[in-house]
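Notes follow once the structure below has been shown.
The values are calculated or read from the model by the stated rules, or taken from the named source; none is laboratory data. In this text the structure is predicted, and so the values were computed from the model without any measurement. So basically every Cβ, Gly included, is an ideal-geometry build from the backbone, and we count neighbours across all protein chains shown.
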Amino acid sequence: MHFKAHLIATLSAFEIAAASPVAYPQTDGGATSCKSEALSEDTWTKLKVDDFLSSTAANLTTNNVQGFASSLGAPNFFCGLDQFCNAGQPCLPVSLPGWYALVAIQNYNSYMNSLNTAVSFAASIMALEMPEVINDFWPKPVDDATPMKDVYAMITLGLSVVPFTGVMAKAAAVPKGVVSFLSGQLKPPTPPDLFVKWSDVASSISTAVKDYQAAISNSLKATLAAEVQDATSGINGVLSGGGFLGVAQNFTQSDMQANIIESMKLRSIALALQAQGAFIYRGDGGCFNSNNDASKFCATVDGKEWQYSLRMGEDEQVKIAQKIVDKYGISGEVFLKGPSDCFDEHKVQLFTPEFLPVDPKSPCIFNLPVCTFNGDTFPGRTIQENCNLQGMSV
């Protein structure tokens, strides 16, 4: 495959900054008689800022974010993409607890701008990593095998590690609130008949970037324009609980890459194998791996010895499995048993999360269809025929 340069050239059309533009709340200074407390959820709760927001909303002449800020004495508090509204110093000009609310809005605005940058960062990382994976596992790809939703999901790896405030989240420590916020706020359209163009994956990444950045822009505009207490888009709901009260920090593409690179490689391999009809074949009749093939993994589950193997059709994929282990350092437990665990956790069906878990050890990142040996139906049939009886197309 010779499209890495083409990918990078295509992505150069996006404005990928060296670091996400973040406005910093002013934590020092302010009026000497106006002592502020720590920028934290505890402070938000202690000072009952949610109650303050609710009571203030009832008296707004212009009921939106800018109107709210103006009512507190900050008429020039303008937020948006590439706009960085600044809460200023405590009591200069906004008194407490209103200042905490503006700091949280400032951080929310910075967060949405950071997401916009993170989409480009994630796309750039995909452009660097996916060509090698496709070359290793699918040298002659086709363009009608993988739904576009899988590329959207890969971009969420980058979005999930961007925190509301503070440092970028590590893989195993992505706050649940971040994923919940993303799933509620950002749902880019994915036509059901749109597939990844593996032969020109740059175009598919470009489509995903444009759609996600449009979703971010639309979400931010809707929240800034909505009545502050609006149940669907209002800023009061976004700020509830004080999750956005803190100190935002910059991050770079390198920061993001360090946190998501392993998961992105793992997911790319899984998609390439899914598209070729690969699946996990499992049975609880014991372990049979005298050759110590990388394509098999054995584990005891609920007192039974299970064996898991990687297959395409009737053939076990020893060479592919060995490359996964040797070149990419991925264990059999992750790429053979992991899909089986995910399969069982999601009502014995192939599951693709809308927002991928960032931890590469999570079972649903490397995901393949799973077929279980059935002694009642196996006699007289091939493995493929038995798997087809289980609703699979392999």
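Of everything in region 348-370 that is β-branched (V, I, T) and farther than 21 Å from S309 by Cβ, the residue that is surrounded by the most Cβ atoms within 10 Å (Cβ to Cβ) is V358. Evaluated against (1) in contact with a Leu (Cβ under 7 Å, 6 or more places away or on another chain); (2) in contact (Cβ under 8 Å) with a residue 60 or more places away in the chain, Q317 falls short on exactly one condition, (2). Only a single item in (1) part of a helix (DSSP H, G or I); (2) in contact with an Asp or Glu (Cβ under 6 Å, 6 or more places away or on another chain); (3) hydroxyl-bearing (S, T, Y) is not met by S340, and it is number (2). Any residue at all in region 299-308 that is buried (at least 21 other Cβ atoms within 10 Å of the Cβ) and over 23 Å from the mean Cα position of the chain (by Cα)? Yes, region 299-308 has at least one match.
So, in region 174-183, exactly how many residues are surrounded by fewer than 18 Cβ atoms within 10 Å (Cβ to Cβ) and either part of a loop (DSSP other than H, G, I, E, B) or over 13 Å from the mean Cα position of the chain (by Cα) (or both)? Of the residues in that region, 1 qualify. Of the residues that sit in region 239-268 and are surrounded by fewer than 23 Cβ atoms within 10 Å (Cβ to Cβ) and of a type in the set (V, I, T), which one is nearest to V151 (Cα to Cα)? Filtering first and then ranking leaves I261.
From the list K170, K197, K221, K187, the one residue that fits, being crowded, with 18+ Cβ neighbours inside 10 Å and either assigned by TED's automatic domain parsing to the domain that holds F355 or not aliphatic (A, V, I, L, M) (or both), is K197.
Kindly check whether there is at least one residue in region 138-156 that is in contact (Cβ under 8 Å) with a residue 24 or more places away in the chain, buried (at least 22 other Cβ atoms within 10 Å of the Cβ), within 15 Å of the chain's Cα centre (by Cα) and within 30 Å of A87 (Cα to Cα). Yes, there is a match, as at least one residue in region 138-156 is in contact (Cβ under 8 Å) with a residue 24 or more places away in the chain, buried (at least 22 other Cβ atoms within 10 Å of the Cβ), within 15 Å of the chain's Cα centre (by Cα) and within 30 Å of A87 (Cα to Cα).
The condition of being touching a residue at least 40 places away in the same chain (Cβ under 8 Å), surrounded by 17 or more Cβ atoms within 10 Å (Cβ to Cβ), in a loop (DSSP other than H, G, I, E, B) and out of contact with any strand residue (DSSP E or B) (no Cβ under 8 Å at 6 or more places or on another chain) holds for only one of N86, N116, that being N86.
For D193, the conditions (1) in a loop (DSSP other than H, G, I, E, B); (2) over 13 Å from the mean Cα position of the chain (by Cα); (3) touching a residue at least 24 places away in the same chain (Cβ under 8 Å) all hold with the exception of (3).
Report yes if some residue within region 245-262 is at pLDDT 95 or above, closer than 30 Å to M112 by Cβ and of a type outside the set (D, E, K, R); otherwise report no. Yes, because at least one residue in region 245-262 is at pLDDT 95 or above, closer than 30 Å to M112 by Cβ and of a type outside the set (D, E, K, R).
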